[in-house]
There are 4 protein chains.
Amino acid sequence: MIRVFVWNEFHSEKKYEAVREIYPNGIHGAIADFLKVDEKLEVLTGTLHDPAQGLPDDVLNTIDVLIWWGHSRHHEVDDDLVARTQKRVHEGMGFIALHSGHFSKVFKRLMGTSCDLKWREAGEKERIWVVDPSHPIAAGLPEYFEIEQTEMYGERFDIPAPDTLVFVSWFPGGEVFRSGCCYHRGRGKIFYFRPGHETFPIFHQPEVQRVISNAVRWAAPVNGPAPTFGNVKPLENIQ
Amino acid sequence: MIRVFVWNEFHSEKKYEAVREIYPNGIHGAIADFLKVDEKLEVLTGTLHDPAQGLPDDVLNTIDVLIWWGHSRHHEVDDDLVARTQKRVHEGMGFIALHSGHFSKVFKRLMGTSCDLKWREAGEKERIWVVDPSHPIAAGLPEYFEIEQTEMYGERFDIPAPDTLVFVSWFPGGEVFRSGCCYHRGRGKIFYFRPGHETFPIFHQPEVQRVISNAVRWAAPVNGPAPTFGNVKPLENIQ
Amino acid sequence: MIRVFVWNEFHSEKKYEAVREIYPNGIHGAIADFLKVDEKLEVLTGTLHDPAQGLPDDVLNTIDVLIWWGHSRHHEVDDDLVARTQKRVHEGMGFIALHSGHFSKVFKRLMGTSCDLKWREAGEKERIWVVDPSHPIAAGLPEYFEIEQTEMYGERFDIPAPDTLVFVSWFPGGEVFRSGCCYHRGRGKIFYFRPGHETFPIFHQPEVQRVISNAVRWAAPVNGPAPTFGNVKPLENIQ
Amino acid sequence: MIRVFVWNEFHSEKKYEAVREIYPNGIHGAIADFLKVDEKLEVLTGTLHDPAQGLPDDVLNTIDVLIWWGHSRHHEVDDDLVARTQKRVHEGMGFIALHSGHFSKVFKRLMGTSCDLKWREAGEKERIWVVDPSHPIAAGLPEYFEIEQTEMYGERFDIPAPDTLVFVSWFPGGEVFRSGCCYHRGRGKIFYFRPGHETFPIFHQPEVQRVISNAVRWAAPVNGPAPTFGNVKPLENIQ
């Protein structure tokens, strides 16, 4: 059983009727809905407006994978939550940043870079190419899939070179983007996935759902060793 | 169900009583025995002395993961088998090279380098450190484990930098070695694991068995897309 | 002083007037011409039609960087030359494969994969994005540059994930391509650069020339250690 | 001309006679001395006790490479200096963290991980193996070199997997360590180098000096493109 938590700043759905029509239960609700179909996942949700901004210690410390969606309220996230979340990733929790989550405090902290990029809100097509068909996050996908309308994100995407690059996106206006990026940090795994703008029904699209489901399984803790740090004694009786 | 095939040149067990005492059913038999405990694995074995050197097309083309053990008879492996195996990795078959398999024709072909290294047969201790505790091949392991007596392999190990480095070994004579190396090649995944000298009961050790079991699951095909190649038409009706 | 050798199969220039008009001295001649401007480079050229296919031992063994252009005559390159070239890369020689050189025997041997890809000869635009602006091969470039007309190459490009990915290309028909790929193999460095179709004046374009010049300097041997291999003695008198 | 700045917390040299005997002009003075031999380097130094902690904007913004040595006073470094330094790396400044600099605020920010490790102060030998002989930081080195007495650092070293791993260290007590680690972050390059404990004359050792000199040249900015970020217009007139 993998315990997944879908976090959402839950702002645009409240503010804009157009977003609410696409995601009547919030983006977190939409993501939770398709994840719940998998019986091996226990799915929780929370938002910026909940007590402890949705992630009190007793929740944060017991989840396996945290999915993060935020866009215009990154600055409202408590630095304490950022620090606790970063620590949990180091301890093994998986972290999946979606779309505008590239600019969340947590993701920037985990990357160590500005995470800046180019963008354009013009409802353009995106073609997402699988450049690593051996990766579990590519399971069940065609060699590319398209999102009919989305916000464009373009390079230079100021991230560390991914430990594994799974997707590269094409946009009709002349841009490319490293849109599926895997990282190992501490005992935890991180996946950045580009699609997901709030004004389009992207999280209702089967390929997008498949990627996120795959990523949850990939990012779940593997029960690897918990390293010890600090002052140590030498090996005795070397042969 | 993952279909695993354990291949062995099966030479030293036949020739040397000392090796036979450790591996009475051959190294392939010993590996198959501990893998068979896992009900999700279907385990097959074969050797250099079997028809088609153990891997006729109808076998090779239907297995998910191939484990390779060879040492002194690499040169006897048919170039045709090498080419067919390389192609199968490109198509998605997992490949696990053990110990002296670093010098097998197939592994060298897949790596593109000499795969040479330093060695010493002195029954020394090996301490294997997990340097990536987030990786599924490190599941269930302590932060290091030791092999009491083994042949030493030392750097410079002439391989491509691993896509992911999971283990680094320490030897008492002053050497280190990148001993757990993951690669993605084509649609397939490759794992090189250093331990396994034939004159020591290394494949009877639980940590070693755990690593190989983990590696089989990691290397199994994921049902990623089968890329198409060649002449293609452009996207029509770009927005 | 870096000794560079530009190799060309030199076929299409002989056969087609249209190619000859663009490259009257051959593609190798055009590349040599712009490299020669750099006083720190000693530039040599040779072709498939020369004795020893242009690379006898006394030449191959004394050059620092080998630039390779081939397209329709890969199969005519002697396997012996392929093996000698691969060995020289392992010993430290830089190797730069241009455009259709992705399918050269040497490059495929060094990569260990099929190196296959998608293509389309339609004289389309290419936009080459720098995704690693810290890399010396990106020196002096804008954040992207365009090639007005070229053959398209598209993903899935069946190569190992580059040790460093420097460029990603965009094409108007909906394709992307990892178009600047760095590898370390043995003591040598390898760069694959996508542009360069023979029916367009691509090697006359300043940005392309800059990339190739940068790559020559990056790929030149660095006087790193020559590893020793084989049986070794242990460290004595460990503290 | 590369403008290098050697920063030192400059604490143990003031406090301990034993350290002062080894480094009478401070560790920064010792490093500056051997770097100054290279006429292509302009070498500056500064310490925690200088105005603006040694790095006012007009200095920080004009240096090419910053070498950082700190051990027991990391917490005294202003967060503002940390933020300004991180930003400068993103803009292209090289950053070299030495030894206990693994725990400096800046390095931890750039890595996004805890950067924790094992250690032992027992004056043990260290054997540093070159695992990538093609890398410019390995120029002029033997395939391994030894430091007679040093503080031990052991894995698990909680860093992101290096973009390029150049050195792996061996210690007699049974530990290994990834001791030469290269990263690209933003437009800047980062090198972590393990040796350098203040109670041993490590920075007087020629091999160590060679590594640091090599690293300065490798980390210097390359004049790559300065990416633009934010809202962009699409390409017009796609063919």
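The values are calculated or read from the model by the stated rules, or taken from the named source; none is laboratory data. Quantities reported herein were computed from a predicted structural model and do not represent experimental measurements. Counting neighbours? That spans all protein chains shown, and the Cβs are built from the backbone with ideal geometry, glycine included. Ligands, DNA and RNA are excluded from the accessible area calculation, which covers all protein heavy atoms including side chains. Shrake-Rupley method; radii C 1.70, N 1.55, O 1.52, S 1.80 Å.
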Quick one: C:Phe95 ticks every box in (1) within 22 Å of C:Arg194 (Cβ to Cβ); (2) more than 16 Å from the chain's Cα centre (by Cα); (3) of a type outside the set (Asp, Glu) bar one, so which box is it?
-> (2)
Mind listing whichever residues of the stretch B:184-213 are buried (at least 24 other Cβ atoms within 10 Å of the Cβ) and closer than 20 Å to A:Cys181 by Cα?
-> B:Arg185, B:Gly186, B:Arg187, B:Gly188, B:Lys189
Applying the selection to the stretch B:163-183, what residues are crowded, with 24+ Cβ neighbours inside 10 Å and acidic (Asp, Glu)?
-> B:Glu175
Need at least 2 residues that are at the interface with chain B (Cβ under 8 Å from one of its Cβ atoms) and touching a His at 6+ places or on another chain (Cβ under 8 Å) per element, so show me which strands (runs of 3 or more DSSP E) inside the stretch C:153-205 make the cut, counting only ones lying wholly within it.
-> C:176-185
Restricting the search to the stretch D:1-53, which residues are among the aliphatic types (A, V, I, L, M), farther than 17 Å from D:Leu81 by Cα and touching a residue at least 60 places away in the same chain (Cβ under 8 Å)?
-> D:Ile2, D:Val4, D:Ala18, D:Val19, D:Ile22, D:Ile27, D:Ala30, D:Ile31, D:Leu35, D:Leu41
Residues of the stretch A:218-239 satisfying the condition of being under 19 Å from A:Leu141 (Cβ atoms) and in contact with a Pro (Cβ under 7 Å, 6 or more places away or on another chain) | A:Trp218
What about D:Val77, is it touching a helix residue (DSSP H, G or I) at 6+ places or on another chain (Cβ under 8 Å), within 14 Å of another protein chain (Cβ to nearest Cβ) and at pLDDT 95 or above?
-> no
Of the conditions (1) within 13 Å of the chain's Cα centre (by Cα); (2) more than 17 Å from C:Arg210 (Cβ to Cβ), C:Arg88 clears all except one; give me its number.
-> (1)
Look at the stretch A:206-231 and say how many of its residues are over 30 Å from D:Phe103 (Cβ atoms) and either part of a strand (DSSP E or B) or in contact with a Lys or Arg (Cβ under 7 Å, 6 or more places away or on another chain) (or both).
-> 1
Would you mind finding the one in C:Ile96, C:Ile63 that is touching a residue at least 60 places away in the same chain (Cβ under 8 Å), more than 8 Å from every other protein chain (Cβ to nearest Cβ) and farther than 18 Å from B:Thr113 by Cα?
-> C:Ile63
Out of the stretch C:120-157, which residues are touching a Gly at 6+ places or on another chain (Cβ under 7 Å), touching a residue at least 12 places away in the same chain (Cβ under 8 Å), buried (at least 22 other Cβ atoms within 10 Å of the Cβ) and among the small types (Gly, Ala, Ser)?
-> C:Ala138
So D:Ser104, is it open to solvent by 10 Å² or more (accessible area, probe 1.4 Å), among the polar types (S, T, N, Q) and touching a residue at least 24 places away in the same chain (Cβ under 8 Å) | no
Is it true that C:Thr113 is touching a helix residue (DSSP H, G or I) at 6+ places or on another chain (Cβ under 8 Å), buried (at least 20 other Cβ atoms within 10 Å of the Cβ) and part of a strand (DSSP E or B)?
-> no
Search result, residues across the stretch A:137-187 that are under 17 Å from the mean Cα position of the chain (by Cα) and polar (S, T, N, Q) | A:Thr164, A:Ser169, A:Ser179
Restricting the stretch A:99-133 to residues that are within 17 Å of the chain's Cα centre (by Cα) and charged (D, E, K, R), which is nearest to the other protein chains (Cβ to nearest Cβ)?
-> A:Asp116
For D:Pro160, state whether it is crowded, with 21+ Cβ neighbours inside 10 Å, without any contact (Cβ under 8 Å) to a residue 60 or more places away in the chain, out of contact with any strand residue (DSSP E or B) (no Cβ under 8 Å at 6 or more places or on another chain) and within 17 Å of D:Cys181 (Cα to Cα).
-> no
Which residues, counting only those in the stretch C:214-239, are open to solvent by less than 50 Å² (accessible area, probe 1.4 Å) and more than 14 Å from chain B (Cβ to nearest Cβ)?
-> C:Asn214, C:Ala215, C:Val216, C:Trp218, C:Ala219, C:Ala220, C:Val222
Please list, ordered by first then second residue, the pairs with beta carbon atoms under 7 Å, 6 or more apart or interchain, first in the stretch D:165-190 and on the phi < 0 side of the Ramachandran plot, second β-branched (Val, Ile, Thr) and open to solvent by 10 Å² or more (accessible area, probe 1.4 Å).
-> D:Pro172/C:Ile238; D:Cys182/D:Thr164
